[in-house]
Each structure stands twice: as structure tokens, then as C-alpha cells.
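Scroll down for the structure; my scribbles are underneath it.
The values are calculated or read from the model by the stated rules, or taken from the named source; none is laboratory data. Since the structure is predicted, the reported quantities are computational estimates derived from the model, not experimental observations. Positions of Cβ are generated from backbone atoms using ideal geometry, with glycine treated the same way; all protein chains shown enter the neighbour counts.
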Amino acid sequence: MALYYALVFGILVTEMTVFVVLALPIPSRFRRHLTVALVKPFQLTQVQVATKCVLAFILLLFIDTINRVYNVERELRAAGLATGAQDRVEIQSRKFYAQRNMYLTGITLFLTFAVVRTLNIVWELLGLKDEYRAKPADPAKPAQRDTAALAAQIADIDKQIAQLKEQAEKLQAEM
């Protein structure tokens with residue numbers, strides 16, 4: 001494997017690790033610190049430019065590998081049965097390497113966009129959780145009332161139900 005494909009593989013492993021860490025169910029207090037630690041370096045302009053250049057380089061490698069796969073496939077079809085077994089094995093191995101490199105660069109590009117989108121979703125989720133925690137409790141909502149007030153309300157309603165049952169029995173007795 002050439003040096004640049006080894007670097008692409010290193011980027012792929014790093015992206016997979018970041019994606020798994022972002023997808024793990026971590027408590028919010030730890031997730032916030034982890035997300036800030038992941039985002040902070042990429043807020044620098046120099047890092048953003050370097051990242052875009054690396055992604056452009058990987059895109060060029062991807063396009064090149066698609067071209068190589070196409071050329072090797074065409075060469076394999078042209079060879080057909082006319083070539084010996086050794087030549088066919090050599091072409092097949094070149095096809096394997098070209099496809100491997102195509103999948104390596106393609107999944108690296110795809111995972112880059114998936115990690116960025118996942119990071120944005122996690123960041124938005126943390127912001128929404130902070131907004132929710134910052135809102136004052138609304139006393140009009142039944143879920144946030146005191147349990148004692150609810151118990152008193154239930155007792156009043158039970159008394160009303162008992163009174164209505166007595167009235168119903170009296171009316172039934174009169175008929």
C-alpha cells in the first residue's frame with residue numbers, strides 16, 4: 001500500500017473512532033466536554049483549510065481509483081482467454097488493489113460527511129438540553145405541580161363522586 005493510501009487509512013480509522021465515540025450513550029455532562037474537545041481544533045481557520053485540502057486530495061484519489069478500476073476492467077475484458085494464466089492473475093491482482101483503494105477512499109469521504117453531520121446533531125442536542133434546563137418551571141403544567149396539591153384534588157373529586165352516587169341512589173329509590 002502506497003504511503004498516501006496508508007495515510008487515508010489512518011484518517012479512516014480516526015473517523016471511525018470519532019463516530020463511535022459520538023454514537024455512544026454518554027451522559028450529557030461528559031458528552032459536552034468531549035464534543036467541545038473534538039470541535040475546538042476545527043474552529044481554527046488553518047485547520048479548516050488543511051482539512052479541506054486533505055479532503056480534496058482524497059477526492060482526487062477516489063476519482064483516480066475509479067479510473068484505474070475502469071482501465072483494469074477494460075484490460076481484463078480485452079485479455080479474455082488469449083492470455084496465459086499468469087497474466088490473468090496479475091490483472092486480477094491489479095483489479096483487487098484498484099478496487100480496494102477505491103473503497104478505502106470512498107468510505108473515507110462518506111464517513112467524513114457522516115461524522116460532521118453526527119457532530120452537528122450532537123451539538124444541537126446539547127444546546128436544546130441546555131435551553132430546556134434553563135427554562136423556569138411552569139406551574140400551570142400538571143406534571144410539575146406538587147404531589148400534595150394533586151392528592152388534595154383527587155380527594156375532592158372522590159368526594160364529588162361519592163355525593164353524585166348518593167344522589168343517583170336517591171333518585172333511583174324515588175322512581
Residue set 39, 72, 54, 47; condition more than 23 Å from residue 122 (Cβ to Cβ) and among the aliphatic types (A, V, I, L, M); output residue 72
Of 157, 63, the only residue that is in the same structural domain as residue 28 (by TED's automatic domain parsing), farther than 27 Å from residue 22 by Cα and either assigned to a helix (DSSP H, G or I) or at pLDDT 85 or above (or both) is 63
- Task: Look at residue 70 and say whether it is surrounded by 13 or more Cβ atoms within 10 Å (Cβ to Cβ) and out of contact with any helix residue (DSSP H, G or I) (no Cβ under 8 Å at 6 or more places or on another chain).
- Result: no
The residue that is surrounded by the most Cβ atoms within 10 Å (Cβ to Cβ), considering only those in the stretch 20-38 that are in contact (Cβ under 8 Å) with a residue 40 or more places away in the chain and over 15 Å from the mean Cα position of the chain (by Cα), is 32
